[in-house]
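Read the structure below first, then the notes.
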């Protein structure tokens, strides 16, 4: 059996790597809707809106779902903590960004600190759990805000 810090570090590295892969490879149509409207038949006006598809939500939550599946198979409580510490911040970023994407960073900070504090047993594990959720959540937030900032 591996030490629990190794599980946390593996979950952190794999979840962050997965979100980075999505950042560079996922088509923006999965989570951004945009178009052009012509005003007075000649003046183009762009519109852009964050609208996550179910496939987008599933893909960004995939690391947490894999960790939950591993937990059900191996019954290692550190995998359950890792799944929650990755899944809750990512899900909060996806949902809060629907309402106001510019407040999602504050929500991400609060959720990751809370998850780390609640699930961790000692200071080191609390910090690892907080970082484990913050980095993938930050990558998802960068994905959303980066595409919202792009003009049509």
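Give the order of 81, 126 when sorted by the count of other beta carbons within 10 angstrom, beginning with the fewest. List each step's numbers first, then the result.
On the way: 81 26, 126 18.
Exposure proxy ranking, most exposed first: 126, 81.
Beta carbons within 10 angstrom, averaged per residue: use that to sort the peptides 53-60, 87-94, 10-17, highest first.
87-94, 10-17, 53-60
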* Relative counts (whole %) of C-alpha pair distances in the range 13-152, using bins that are 5 Å wide -> 2, 10, 19, 20, 17, 11, 8, 5, 3, 2, 1, 1, 0
* Structure fact -> The exposure ranking of 121, 147, 19, 132, fewest beta-carbon neighbours within 10 Å first, is 121, 147, 19, 132
* Counting pairs of Cα atoms in the range 95-152, how many percent are more than 15 Å apart? -> 51
* Would you mind checking the tilt of helix 4-25 against the longest principal axis of the Cα atoms of the chain, expressed as 0 to 90 degrees and rounded to 10? => 10
* Asked: On a 0 to 90 degree scale, rounded to 10, what angle separates helix 54-74 from the longest Cα axis of the chain?
  -> 10
* Asked: What's the extension gain from residue 28 to residue 127 if we count 0.36 nm per residue and subtract their Cα-Cα distance?
  -> 32.4 nm
* Asked: Separation between the residue 14 and residue 58 pseudo-spin-labels, each 7 Å from Cα along Cα→Cβ, expressed in nm?
  -> 2.0
* Where the Cα pairs of the range 1-65 fall when distances are cut into 5 Å bins, in % -> 4, 14, 17, 15, 12, 10, 9, 6, 5, 3, 2, 2, 1, 0
* Given the rule -39500 (n - 2.57) for each run of at least 4 DSSP H residues, summed and divided by the residues of the chain, what is its mean residue ellipticity at 222 nm, to the nearest 500 deg cm²/dmol? -> -24500 deg cm²/dmol
* Asked: Does anyone have the angle between helix 77-99 and the longest principal axis of the chain? Alpha-carbon axes, 0 to 90°, nearest 10?
  -> 20
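Every number in this text was worked out from the coordinates using simple rules, so none of it is lab data. Computed from a predicted model, the values in this text were never measured in an experiment. A quick note on method: Cβ atoms are made from the backbone with ideal geometry, for glycine too, and the neighbour counts reach across all protein chains shown.
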